[in-house]
């Protein structure tokens, strides 16, 4: 859970995230997502944990996840949302990793619409990502 908490903290530093409403901070959770506009979440995706393994037990691992946001839904805001995900991808590609064990934060897809909540004029968008990191040898 320590790596997940660090990932959440790191994602909150993205300058393209914005908060909505009364909170002066970004709302981000793990594996839960409300319908309120302005919330963000990371949800684990099924994937092989190991990318590369060495004989000594060390190697490279990955954490594959969906980075999700609930954002306003309208023709104007949909274009803004797509621009947000493009900017997020650029940030992820160029951001300095906060831990020496972290290799890279990669986006695996572009941002895309998942679900629309017409009653609230909001939609759930996501982008698939992976965190690559060094795994030390056991022992």
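Taking the C-alpha atoms only, the angle from helix 2-11 to the longest principal axis of the chain is near 40 degrees.
In this simple spin-label approximation, residue 79 and residue 56 carry label points 7 Å from Cα along the Cα→Cβ vector, and these lie 5.5 nm apart. Mean residue ellipticity, 222 nm, helices only, the chain: the sum of -39500 (n - 2.57) across DSSP H runs of n ≥ 4, divided by residue count and rounded to 500, is -7000 deg cm²/dmol. Projected label points at residue 109 and residue 137, each 7 Å from Cα along the beta carbon direction, are separated by 3.9 nanometres.
Rounded to the nearest 5, what % of the DSSP beta bridges within the chain are antiparallel ones?
The antiparallel proportion sits near 90 percent.
Per-peptide packing, taken as the mean over residues of other Cβ atoms within 10 Å, places 39-47, 127-135 in the sequence 127-135, 39-47 from highest down.
Using only Cα atoms and rounding to the nearest 10 degrees, what angle (0 to 90) does helix 75-94 make with the longest principal axis of the chain? It works out to around 20 degrees.
Taken together, the values in this text are just the output of simple stated rules run on the coordinates, not laboratory data. Keep in mind that this is a model prediction, so the values were computed, not measured. So basically every Cβ, Gly included, is an ideal-geometry build from the backbone, and we count neighbours across all protein chains shown.
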